[in-house]
Every structure is written in C-alpha cells, then in structure tokens.
There are 4 protein chains.
Amino acid sequence: MSQSLTLAFVGLGAMGGPMAAHLAAPEVGAETLLLYNRTANKAQALAAELGARVQAVSLPEIARADLIVSCLPTSQEVSEVLAQLPSLKRGAVWVDCTSGHPDAARVQADQLAQQGVTFLDAPVSGGTAGAQAGTLTVMVGGDAQVLDRVRPYLAFAALVRHVGPSGAGFALKAVNNILLATQLLATGEGLAALARCGVSPDAALEVINASSGRSNASQNLIPQRVLTREFPVTFKLGLLAKDADIALDVALSVQASTPLLAQVAGLTRGASRLIGPDHDHTAALQLIEQLNGLELTGERR
Amino acid sequence: MSQSLTLAFVGLGAMGGPMAAHLAAPEVGAETLLLYNRTANKAQALAAELGARVQAVSLPEIARADLIVSCLPTSQEVSEVLAQLPSLKRGAVWVDCTSGHPDAARVQADQLAQQGVTFLDAPVSGGTAGAQAGTLTVMVGGDAQVLDRVRPYLAFAALVRHVGPSGAGFALKAVNNILLATQLLATGEGLAALARCGVSPDAALEVINASSGRSNASQNLIPQRVLTREFPVTFKLGLLAKDADIALDVALSVQASTPLLAQVAGLTRGASRLIGPDHDHTAALQLIEQLNGLELTGERR
Amino acid sequence: MSQSLTLAFVGLGAMGGPMAAHLAAPEVGAETLLLYNRTANKAQALAAELGARVQAVSLPEIARADLIVSCLPTSQEVSEVLAQLPSLKRGAVWVDCTSGHPDAARVQADQLAQQGVTFLDAPVSGGTAGAQAGTLTVMVGGDAQVLDRVRPYLAFAALVRHVGPSGAGFALKAVNNILLATQLLATGEGLAALARCGVSPDAALEVINASSGRSNASQNLIPQRVLTREFPVTFKLGLLAKDADIALDVALSVQASTPLLAQVAGLTRGASRLIGPDHDHTAALQLIEQLNGLELTGERR
Amino acid sequence: MSQSLTLAFVGLGAMGGPMAAHLAAPEVGAETLLLYNRTANKAQALAAELGARVQAVSLPEIARADLIVSCLPTSQEVSEVLAQLPSLKRGAVWVDCTSGHPDAARVQADQLAQQGVTFLDAPVSGGTAGAQAGTLTVMVGGDAQVLDRVRPYLAFAALVRHVGPSGAGFALKAVNNILLATQLLATGEGLAALARCGVSPDAALEVINASSGRSNASQNLIPQRVLTREFPVTFKLGLLAKDADIALDVALSVQASTPLLAQVAGLTRGASRLIGPDHDHTAALQLIEQLNGLELTGERR
C-alpha cells in the first residue's frame, strides 16, 4: 500500500473507540483517518481529540478510504452499513473486526470482490483493556497477501495471525468463545458440587489454579466476577450465547461431531434467556447456581 | 509432633518414589524413614540411595511410624494395605496422597480413628515433574489441626491447602481432573471443527492461547502431546476415566446438578474403552478424532 | 410354598394399598394376610375392609409371615424397617417392590440370607391405575427359583419377569425411569424449538405420534399433563430425579459409558431443584420452558 | 382445482415410486400423470405398469402440470431440479415430500411465488411400508388454503396435517427424526449399562415395553434390527445424521435452548462417521456398543 493513504474506522463503541485511536498515531502514517459512528457526536468528539488529520464523516464518505476497519456488534450491522455505501475504491481493503458469522464473511467478501475490494474477517480478542493498550489478538480469514499489506496499519494489535480462508477468523473467534463458555459452566458445576461437599469455592479455586484443571475462567473470571458477586458487564451474556450458537453453526456447516460443545451452546442460550441477555457473560453461572440451589460466594467478598 | 519421629512411605511408584526422597532430606528432621513397596527391591534400592536413616521394611513394620504417607493407584490398594497391618501407634497420622474416593476416605478415617490414628486424604497435583522438584500441590480433607502438625514434614509440596472435612481432598482432586478432561475434549472438538473449516490446529491454538478460551489443555497438553502425535504415557487414560467417574459419583452423592460434567465423564469412559485405558490421558482426543474422521496434527510435527 | 401360608404387606401408600388388596383375594389362597403401615389406622381401615383373614399388626408381628411384600418410598425406609424386626422365619421370602437402589438390594439380600430368608428386588411399573387393576409389571432380581415359588401370590401383576441377579430389578427400574425422563426432556426441547418456528405443540404431537419419534411421553404424558397445564401429582419430580441418579450410579458402578443419560440425570436433578421436588414429574418440562422463554400450551386447553 | 388436471411426480426412489403409483389410481381423478426420474428407464417402467394416462417425460415437460409432487434425497436435489425447469403454469402447486431444510423451503417458496406457483413443504413419515400401503403421515408447511385444494390428490397419505408457515413441515420432520435418534441412543446406553449388570437386552426390553420408558425405538427398531444384528438398510445413518443436524440448525435459527438434542446431534454425526453413513440408521447403536466394549445381542437371535 502506498505510504500516504486514507484510513477509515466504522463503529466507535467500547472496543472500536480505543482501536480507532491507535490508527491515528503518527507512526501509523495515515494521511487521513475518517471516523464514522451511527451516533455522530461520538465520532466528532473522538476526531476533535485525535487531531487535525482525523475527521468525523457521514457514512458515504468513508467510500474514499484505502483501508476501512469496522467493529460492530454483529454481522447484521456490517451488512446494513455495506448496503448504504456507494462504490468503494478499487484496490481498497476492508478489515472487519466484528465477532461475525463465517457465512456473512463469505457473502460480504464476494460482494466487495465485485468492486475490486478485499474483505478480511478479523475479529479481535483481549477486551476493552486490550483495545486501550493496543495489545489485541487479531485472527484473520481471507487473502494472506493482502493481510501482509495492511498489517502495518493494525496498530491496535499485539498479535495478527492469518488463520485460513474467508470466514476462518470468525469461525475461530466463535470457537474461542464457546471454549470460554465451556470453562465457565464446567468450572461452575464443579464448584457447585464441591460446595455441597463442604469445600469452599475459594479453597477449590486456589487448588485448581495450582493444578491441571486451571483455565482462564478459573484463574480470572470466576474469582474476579462471580465469587465477588459483582458480574461487571463488559461482555454481555446474550453475545456469548450468540457466539456459542455461531460456533455450533460452524460445526454443523462442516458436519463436525461436537457433542460437548453442542450441550454448552444449549445451556448458554438457556442461561441467556433465564438470567437475561444484558447481564455480564459470567452470569451464565447463575443458571448453574439455580440448578443446584446455592450461590457461589467467595470468603473474602 | 515431637522432633525425632519415625516416618514411613508406602508406594514408591513414579510419583511416590521422588516424593519419598524429599522426606529423607535432613532438614525434614525425621529420625528414621521407613519405605515399603509391593515390589521390595524398589524400596531397597531407594533406601540404599537415600542413606543411613532410611530403611526398606516389610509392610507390618510401618505400623511403628508416627507419620505414614501413602501414594497408591486407587483407594482399593490403600484398603488392602490397611487390612494387612497390625495396630498402628496411638496418635499417629496417615496422609494418603492417592487419588482416592471420598467414600473410602470416610471409611478409612473411621477405621483408623478407632486406633487413635488420624487419616487425612491428601491427593497431589503436579505430575512426576512436580514430585521430583518438590513443588506439588496437596489438597487435604480431614482434621485441619492435625494437618498443621504434620505440615512441616510434607517436603514434596509447594502448596498444602486444607479444603474441608474427610473426603474433601479426594473430591476436589476428582473435580480438578474432570475439568482437565472437559478442557481436553472441548478443545479437541473445537479444533476438529476448525480443521474441517481449513484452520490448522497450530494457528487455532496460537490464537486461543492469546485469547479468552485458553486452558491448561490448550496451552500445554494438546500442543505438546497431541499435535506432536507423541501421547507420552505419564498419566493413563483409564485413571482419568476413573477420576471423572469419581467426580460424578461425588456430584450424585450430594444431589448436585452437573449435566456438562456428566457428559464429560461418559465420553471419557467411552474413550478409555474405545482407545484403551493404558494410553496417555490425552489420547482421549483420539475419540474426538474418530468421530470427526480426521487427525489433529501440528505443522511443525 | 405350602398352600396355607401367612402373607404380610408393608407400606400401604398410593401403590401399596391397592397392591395389598389383591393379595387378600380368596384365589390367592393365603391363610392370613398381615398389614403394616407406619400410620397404623391406614392398616386398620384396610384390614376391616378386606375381611376376616386380614389383620393390621405391629411391625414385629410381620416376622411370622412366610412371604413379605414391601412397597416403600426408597431403600432407606426398607432398611429402617429391617432394622426394627426380630428374626424372620427360616425359608421365608421378602419381595421388595420399592423403587430401590441395587447396592441396597445386595446388602439386604446378604443380611436376610443369614437368617435363611431370600430377598428379591421386585420394583413395579404401571402407576396407581395398574396397582388398582392388578396389571402391574414386576421386574425381579435375585433367585429365579424362589421367584417361581412365590409367583402365584403376586396377584397385583400382569407381567412378572425375572431379569437378573440381586439388584437387577432395581437397576432396570431406574433405567426405565431415566428413559422416561429422556423422552420428556427431549420431546419438550423439540416442541419448544418448533413453537418458536410457529408450529403448535398440538400439531407437532399429532404428527410425531403418527411417526417414528413417538414415545410414551409424546403419546400420553405431555398431551395429558403438560399441554393441559394440569401437572397432576401422581409421581413426584423429586422421585424421578432420584431414579435418574440411581440409573447413573448403576452405570458408574459397572464403568458403562452413558453420556446422554448422564446429561439427562443432571438436567432432571436441576429441574427438581429449580421447579421443586413435590411437583409432578412432568413439571421437569417447566425447566425447558424457562430455558426457552415460553410455555407449552395446548390449543384445546 | 379443476377436476381434469395434469399431475407430475419427480423422484421415483424407494419412497417416491410407490407414492407415485397411488396418484395413478382412477379415483384420484387425474387426466394425466407425468413421471420424471433422473434414471429415465425407472420412469418408463413405472409408466408402462400404471397404464395409459401415465407418461414418462423429460424434466422440462413437467412444467405443464397443475400439481407437482417431488420426493428427493435432500433439498439440494430439489434445488437442482428447479434450476433446470422452464416457467411453470401460473396457479400450479408444488408439494415437496423431500425431508428438506426449512431455509430451502423458504427460498424455493419465494422463487416459485414469482411465477404464481405455490410451494408446500410436505415431508412424509411411515417408511417404504407406509408408502406402499398409502398410509403415510404428511406434515405440511405453507399456505393452508392451497393445501386444502390439493389434499384430495395426496392419495399416498392416511394423515395430512397443516402444521405452520413455509418451512414448518421440514422443521417438524427434522425434530421427529432427532427424537428417534434420541430414543435409539438413550435406550442403547441404558441396555449397555444393564448388560454390564447381568440384565439381558431381551429381558430389559420386555419390561421397558410394558412400562413407562417405552418408545418406538424400544418397541420396534431395537428388537427387530439391533438385537437380531440384521441392521437392514431402509433408512441410512447418514440421512439420520443430516436430519438431526437440520433439527439443531432449526433450533439455532430461532435461538431455542436444546442442550439434550444438541448432544444427540453430535453423537449421531459422530456415529455416522465412525460406523459409516451407508449403514442402517439403527447402526448408530454400534457407537454406543464400542464405547461400552460389548454387543447388544438378543437371546433368540
């Protein structure tokens, strides 16, 4: 890609806002950074903050960018944005950091290819903390050579990994998240059974985290969010249920046999309905608590 | 406990051998260390190696110890040892590091209490490497004050944690191991589905291990043992299936609802039958591979 | 068995009462029928109703019977009854129609064998309607020849089947009931998904019951009890959860791999906790309803 | 519909052949019956057999029919047929008896609606025996009034039930079949556990079929096909796995929570891979047998 190019960022939410800010850094070398957000004043405020080369624009204006990065709630919103755009620049690249659906990636890649534009599905992991620190993990599906051209501009990432053809990035993100759901539910079940035997969740986690059963859920999420009863909403249960369903959809689409993940998707969807989709994703454990007639509370709460 | 006391160690296998060696260290302060093993020459060789205060003995002779540590395959072997012993010393303590069954712990604790002896169920985690390094995690059920008295002698451990009443240590070990089985099978299913989408296991694990779906299985066991196709036998699949069944038995005994762990126990038992109980526990993933008609192989294999 | 013998019946509940009445019929040929119930006036009322050869007695008096039939809530109550009895008649037979636990059957069979008494585990199926009509199915574990001797006296049954060694009857009853739980939950899940697609439960069941997916739950229980929202309490959810747990315990005891039934036991136990153990067993579907945010209601309700 | 109309039947396989024959009966009142099959001589032979008003035709010729009935392996084949056809008659009706996918039904209904043709998804249940006897169950999604118009011509059915909007018929068929898969696997697991306890499958099924755990699988399929070790191929395991996957896809599409059916779909897909998709669907139990290290064989085999 030429050195002096126009970048655009679409979707300035809790993740997209800090990600866009990294693209404005001088060492990234963008001549212009265009910002679009459905609620326009968010884009205007961020543009004002980030300096002269950054402009808040209307949706059609982003069509003149050489590289467009989007970060929206689901593939549905990406689709709606695409439907409202005029023709993009031939040779441009669209990097979609949404946690989307592989089927949508393939449709959107085909659609943009007709304009000579490359679509890469590039979901991120690392949460809002990683977005702010610029240490996100990006898993990318689509053309690896095109990825290499835009790689220098993805300044919000510590790891950018090409993982396969179009849709592969979204598929991997969904599988990562269903593994997270599995750990949450399985560890919660284990803690519930142990609590009924007189083993406190604190003691159990201290030992598990020094043993072979440890996972991100046992080491971080459950002690910090569940045992404290805080359940801070940084990633919603409804979105975890959506991701688990996407993972299962991916498995079905390739006729994979995943009986354990399938149960996890069913329980996560059920938890989202019974507990509520707007709670933090760790509130999935409240389903396990209700099935066991107890609460998983830490001693130091 | 008095400073000059007699220690005994029963069961000098891959775990017990190096654990016993730590008890012989001068700073532990045992006057005598008695070693018993079913195959006697193993005890004799280790005693010769560990020096003057260490003796290989017949089973009845360990009855004169103040503190007996055992590490056997299952509670069944502990039971057989107990049945062959004369009366133990009143006030002695038995620390059973076997991955046993909570029901057996309660029976054996009651039985020894009649002789004025305290039984602690104290399974360990950390593998043969941890046993050699003396960095095992020990999770202990039973009398916490008695544990405090013997704690200085458990020189093979980095963490000794009292976790609840008699049987609680065994229950927690079983739950830890079924969580390990859950991670293995769930991650394996995810990798199988992704492989069918064109995402290599290496790429998938690199991303998952930098993301929220990571666990001990994704970070260590699968890359080191499965993707290399080595499956080195350090912990047998048949024993993992036994531990998963114990965890489920524990859940049933307290009327806990653990639908996900229940499925895991069923699949692990099935894997042990279909693949064979003497393979390494990570060979449980070969069941997932067969259900998906593929092999999870690393690129750098 | 001699023609003129003394029969006894222990436990005159919703099942036991009508079963005992069948034993009083002249063609059964008992010289005397002794009735025992914890609440004595129930036994007295039934004895008065059944005529001269029938007597309400205290618990120890049943020890003089040649054939004792018991029908109690769980093996725990059978155990308590046995503990309060003097020696039984050498050569007597105990037929336990409780839905008990196979482990208890083996313990109780051994215990009675020491008095020269044969214990048969003989749970029944058919509900209160079958008990009244005398058309119960009896599945019997233990000595087949002894069963043949007492078979003529089991006048409450249409089918008496020897199914295996001691405990086999209880094991089979538990498996039958977990299959019932499986049908209930699986059909409920299917109806919930279809309802969300706009297919009414009535239409769905009409078709399923004329097709290959039909079962006792789809043909009888769900249309009669769930779609009507009546949930009449004839068999409690807490007892179904107990039976499902026994079935899983049986599977664990023989190292069987039953991943699907294992999940069913976990969900049934969870339903019993979340909905309440004293509701009818078909109220297990209210868990499925809550996980799906809907109610399965019939059009003709 | 007018009395003298042209009927067409597409797909003369094991199901379609006998179904088409019923349409040729004089009392159905068709002026002409057009037959199309990919292998043309099958259509010619059947036409010759059925008499003067029946003609084997090329695919485009069926476009002149007033009512077209299709019965193909999957929605994919229906799609291929539609792509090769010229415009159909305005006002015609297409009744698709394939076990198809609800998504395909909606696409195909929209596509035909543009030509003024109504598409009804109308899968059948009852097997080849029901097709020959003319006693099939038909579950229909789409326009109920149009169904009423064509109902008199569906002479192969004993029950024709409108069940909901476009796609509802296919959704219900898929759910019916996953319930069948559930019964097969669950009953198989139960029989395997019982066999390991010394209860023979024959004895177990005799009792279950006189009790509350009975289902179509326990009453018909397992005794006739599994215990005899015959596994006659009338409905392939690969097609059952496909149907189970469709059912799960349906559940995902409406965000239903179906943890139990989800596990069933995963195990059925795994069985199809491990045992082979061309075996009879009841061979799914061979997966359960392998997980348990035994064979479910009848005594009277």
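The values are calculated or read from the model by the stated rules, or taken from the named source; none is laboratory data. Source: prediction; values computed, not measured. Every residue, glycine as well, gets a Cβ built from its backbone with ideal geometry; the counts of neighbours run over all protein chains shown. Please note that ligands, DNA and RNA were not included when accessible areas were found on the heavy atoms of the full protein model with its side chains. Shrake-Rupley method; radii C 1.70, N 1.55, O 1.52, S 1.80 Å.
Data overview
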item	result
Carbon + sulfur, % of accessible area of segment C:171-292 - ligands and nucleic acids excluded, 1.4 Å	48 percent
Stokes-Einstein diffusion coefficient of the protein assembly as shown, Kirkwood radius over Cα pairs, 37 °C, 0.692 mPa s, in µm²/s	99 µm²/s
Kirkwood estimate for segment C:6-165, i.e. one over the average of 1/r between Cα atoms, Å	15.2 Å
DSSP-defined antiparallel bridges as percent of all bridges, segment C:6-165, nearest 5	10 percent
Nearest-first distances (nm) between copies at D:Gln76, label 7 Å from Cα via Cβ	3.0, 4.8, 5.5
Spread of Cα-to-Cα distances over 5 Å intervals beginning at zero, given as percent, for segment B:8-68	4, 22, 36, 27, 11, 1
Dipole of segment A:145-301, positive end: most advanced residue of A:Ala204, A:Leu179, A:Ala271 [Cβ charges, Cα centre]	A:Leu179
Relative contact order (%) - segment A:6-165, alpha-carbon pairs under 8 angstrom, separation at least six	21 percent
Across the identical copies, how the C:Asn41 labels are spaced - nm, sorted shortest first, 7 Å along Cα→Cβ	7.7, 8.0, 8.7
Most fluctuating residue given options D:Ala30, D:Ala244, D:Ala168, as computed from a GNM of chain D linking Cα atoms under 10 Å	D:Ala30
Interface burial for C against B (accessible surface, 1.4 Å probe, total of both chains, Å², rounded to 100)	1400 Å²
Label point distance in nm, A:Asp278-D:Arg38, each placed 7 Å from Cα along Cα→Cβ	5.2 nm
Residue of chain D nearest the D-to-C rotation axis [by Cβ], rounded angstrom distance	D:Ser215, 2
Inter-label distance for B:Ala155 and D:Thr128, nm, one decimal - labels placed 7 Å from Cα along Cα-to-Cβ	7.7 nm
Relative contact order of chain C, pairs being alpha-carbon contacts under 8 Å that are 6 or more residues apart, as %	13 percent
Whole-percent pair-distance distribution, where bins are 5 Å wide, for the alpha carbons of segment A:171-292	2, 12, 22, 24, 19, 13, 6, 2, 0
Distance between segment A:127-168 and segment D:254-301 - C-alpha centres, whole angstrom	40 Å
Where no second cysteine Cβ lies under 4.7 Å, the cysteines concerned in chain C	C:Cys197
Rounded to 5, the percent of DSSP beta bridges in the protein assembly as shown classed as antiparallel	15 percent
Debye, to nearest 20: dipole size of the protein assembly as shown, +1 on Lys, Arg Cβ, -1 on Asp, Glu Cβ	0 debye
Relative contact order, percent, segment B:171-292 [alpha-carbon distance under 8 Å, six or more residues apart]	37 percent
Calculated P(r) of chain A - Cα pairs past 37 Å, %	21 percent
Of all DSSP beta bridges in chain A, antiparallel share, percent nearest 5	15 percent
Most mobile of D:Leu191, D:Leu239, D:Leu85 in a GNM of chain D (Cα contacts under 10 Å)	D:Leu85
Selection from D:Gly141, D:Leu23, D:Gln108 lying farthest towards where the dipole of segment D:6-165 points positive, charges on Cβ	D:Leu23
Centroid-to-centroid separation of segment A:17-95 and segment C:1-77 [C-alpha atoms, Å]	85 Å
Average partner coverage of A:241-249, which counts Cβ from other chains inside 10 Å	3
Using a 7 Å Cα-to-Cβ projection, C:Ala158 label spacings across copies, nm, ascending	2.1, 6.7, 7.0
